[in-house]
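Working notes, beginning with the structure itself.
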Amino acid sequence: MYKLKSHDTRCGILLSILLLLSSSYAFSQCPSSNTVLLPLDATGHTSISISDFFPQPISLIDSSLSQEKFDCRDIGIHEILLEGITSSEQYFTCKELVVVYDSTSYCSDAIQVPKAILGKILTQEGVPVQSVSVSISSGDKLSYFINTNEDGIFLFNDLPNATYLIEPNRRMDYDNGVSTQDLLIVQRHLLDLKKIKSPYQLIAADVNNSKTITAYDMILIRQIILRAIDRFPDNDSWRFVKADYDFETPLNPFDEIFPASYEVDFLPVISINNNFTAIKIGDLNHSVIANQNQLSRSRSTSNMPIMQVNNRQFQKGEVFTIEISASQNFKATGFQIAFEIEESALTLEAIDGIQEEAYRKDGNIIRVSHTEISSTEYEKKQNILQLTFSAKKQGTLINNFGLAQTTFAHEWYDSTLQKHPLTLHFANTSTLSVSTNYPNPFTNSTLLPMNIPHAGLLYLSVYNLRGREIWSMQKQVTAGVQEIPIAAFFPSSGIYVYRVKFGDEDILGKLNYMVE
């Protein structure tokens, strides 16, 4: 059962079934559905079928519902599971709300009518948005507030008869879903290389809410990526549009005032389909993580270009420059990456190879967001970045510099703006070095890149946070760059720890697993 306040369990209530679409993450989004009303028959029973969920006919190879039949004992709010395989062989699964009540007074002597307002909030891609603060107000009377759950659903129960205004807002996580890929999409739009045609994406690109898209929006997007600012000026993190609204001029939604609220007139019965489309400002590629159940979108793992740097010793007081180069040929329109330095050993003096506004140092983290107007061809061993440091003490580069272990995505973008993961390897090292696994987070398996100094026997194991080993393997390896697959059975989503043992070396790192 949902943890939502249900109606009075007395059966004197109009029986209907409110079927509220959630979303599917593992394979495909669920086909669009509307609320369906199915009253009890004269014997106090009713049932639903797969076709009741969808306003338009849908062709299915197979389908199932976790519950199909209802009677007086089921009055209230339930959660059911809808699963199916479409004729195009796409699997989907949806969580649905079922609200059961009686219109015939079969279950009791009197008919009681619920006073409730219910709706759902989804992105343009059909992904439920959690933690949206939804308010309803009636004139000068006290407002009511509730947050959407992980399925994007909100429900106000036991309301007095009145006219209500429904308004959603979410003013948090401005950087969620905003990456250099979005910056490139806006850049191509402004240069007329590829125009944005969706009204929702156009609204998302107008990050300063000026009702135009300009180079200033690009500046603000990059500042959010580099964490130079933590919010967009004069705009919220999310905007909302009534789900049934049709834009008059989709290619210029700024010419009209689009509705961001519902008005429910005198409330005689439950008010349904108060649905909104949510727009994450700054997110043009639909990468936002909108709820706790959502899986990170998979990334390409083929032909991954690796950034490479030579390991070296440094002495106290020394000023030196490291060159980060490509380990293979690739063609990119941009990339983003974050480095972490040990501030007790190194001070960043300069970065060359990119414009000054394309990077920012924040504490011990150096974030880079680089774009090109057209694709740049990087050849193997070609320098990409040069970083100059001054040393506060003697040390080794590999022990004081590397990829940042944060939620910041290390990735590059090809000529079609498809994203691919980036990682950093250390060359000319006599010790084992391990880079960040990819994809990360992951759902099935992940690859752990490492630079192995010589042939030998390598041990790899995975532990949960209680220190219990859940998977291990051993492999005879040769010197050079290796990508070791981890295909363990992970019992639940969360953080796990890997351990690599090679000779006298013992390295620990983190894995972020998410259940499909």
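Just so you know, all these numbers are worked out from the coordinates, no wet-lab data involved. Remember, predicted model here, so these are calculated numbers, not experimental data. Note that we place each Cβ from the backbone using ideal geometry, even for glycine, and neighbour counts take in every protein chain shown.
Label-point separation (nm) for Ser105 and Arg227, each offset 7 Å from Cα along Cα-to-Cβ?
6.5 nm
Helix-derived [θ] at 222 nm for the chain: sum -39500 (n - 2.57) over DSSP H runs of at least 4, divide by residue count, nearest 500?
Rounded to the nearest 500, the figure is -1500 deg cm²/dmol.
Taking R0 as 35 Å, what's the FRET efficiency between Ile85 and Ser445 from their Cβ-Cβ distance, rounded to 0.05?
Calculated transfer efficiency: 0.90.
Which of rounded, prolate or oblate describes region 279-390 when judged by the alpha-carbon gyration tensor and an a/c cut-off of 1.5?
Prolate, because a/c is 1.5 or more and a/b exceeds b/c.
What is the angle, in °, between the Cα long axis of helix 180-190 and the longest principal axis of the Cα atoms in the chain? Nearest 10 is fine, range 0 to 90.
Result, in degrees: 80.
Listing Lys197, Lys95, Lys115 from the residue with the fewest other Cβ atoms within 10 Å to the one with the most, what is the order?
The most exposed by this proxy come first: Lys197, Lys115, Lys95.
Just want the ordering: Trp412, Trp471, from fewest to most Cβ atoms lying within 10 Å of their own Cβ. If you can, show how the numbers build up before the last one.
Working: Trp412 26, Trp471 15.
Arranged by neighbour count, lowest to highest, Trp412, Trp471 become Trp471, Trp412.
At 0.36 nm per residue, minus the direct Cα-Cα distance, what do Leu60 and Glu377 gain on full extension? Give it in nm, one decimal, please.
Gain on extension, Leu60 to Glu377, equals 109.5 nm.
Can you spot the lysines whose alpha carbon is less than 27 Å from Lys393's alpha carbon? Ignore those fewer than 8 places along the same chain.
Lys316, Lys361
Return the distance in nm (one decimal) between the two label points of a simple spin-label model at Ala162 and Glu483, each offset 7 Å from Cα along Cα→Cβ.
A separation of 5.9 nm, rounded to one decimal place.
Once you have the Cα-Cα distance between Gln328 and Lys69, take 0.36 nm times their residue separation minus that, and quote the gain in nm to one decimal. Don't skip to the end; give the middle numbers.
Numbers: separation 259, 0.36 × 259 = 93.24 nm, distance 5.99 nm.
Taking Gln328 through Lys69 to full extension adds about 87.2 nm, to one decimal.
Between Asp265 and Lys141, how many nm apart are label points set 7 Å from Cα along the C-beta direction?
Each label point lies 7 Å from its Cα, and together they span 1.7 nm.
Given Pro199, Leu165, Ser179, which one lies farthest toward the positive end of the charge dipole of region 162-219, if we put +1 on the Cβ of every Lys and Arg and -1 on the Cβ of every Asp and Glu?
Pro199
Multiply the residue separation of Thr321 and Leu508 by 0.36 nm, subtract the distance between their alpha-carbon atoms, and state the gained length in nm to one decimal.
This chain segment gains 64.5 nm when fully extended.
Within a 10 angstrom radius of the beta carbon, how do Leu60, Leu193, Leu202 rank from fewest other beta carbons to most?
Fewest to most other Cβ atoms nearby, the residues stand as Leu193, Leu60, Leu202.
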